[in-house]
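A quick write-up on the structure given underneath.
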Amino acid sequence: MECDAFPGVEIDVRHGVIWVRSAYVASGYVYADDYAATGPMQCTGDWVSVGDLGSFADGVLTVRGRGDRGVTVGGHTV
């Protein structure tokens, strides 16, 4: 199911994984020291996911965490 989160941002849940399409998404993860791309970002066409799990029910998106069991705390994935 696909929906608009807010103007310019679309959300889709595919097999329990949240995907977004927007001009506002990052082009990748970077290290602070050498700017090398890293992280769980996946792209399919113009849709992007970092592996967050979720579902839609009655127009509400529920986020259930990360498929890799990572949690973002203070800007760091632990």
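The values are calculated or read from the model by the stated rules, or taken from the named source; none is laboratory data. Fair warning: this is a prediction, and the values are worked out from it, not measured in the lab. When we count neighbours, we look across all protein chains shown, and the Cβ atoms used for this are built from the backbone with ideal geometry, even at glycine.
Key figures
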| item | result |
| --- | --- |
| Single residue of segment 19-60 satisfying the filter (touching a Ser or Thr at 6+ places or on another chain (Cβ under 6 Å) and at pLDDT 85 or above) that is surrounded by the fewest Cβ atoms within 10 Å (Cβ to Cβ) | Ser55 |
| Pairs where the first residue, in segment 41-54, is farther than 14 Å from Ala23 by Cβ and the second is at pLDDT 85 or above and among the aromatic types (Phe, Trp, Tyr), C-beta under 8 Å, 6+ apart | Thr44/Trp19; Ser49/Trp19 |
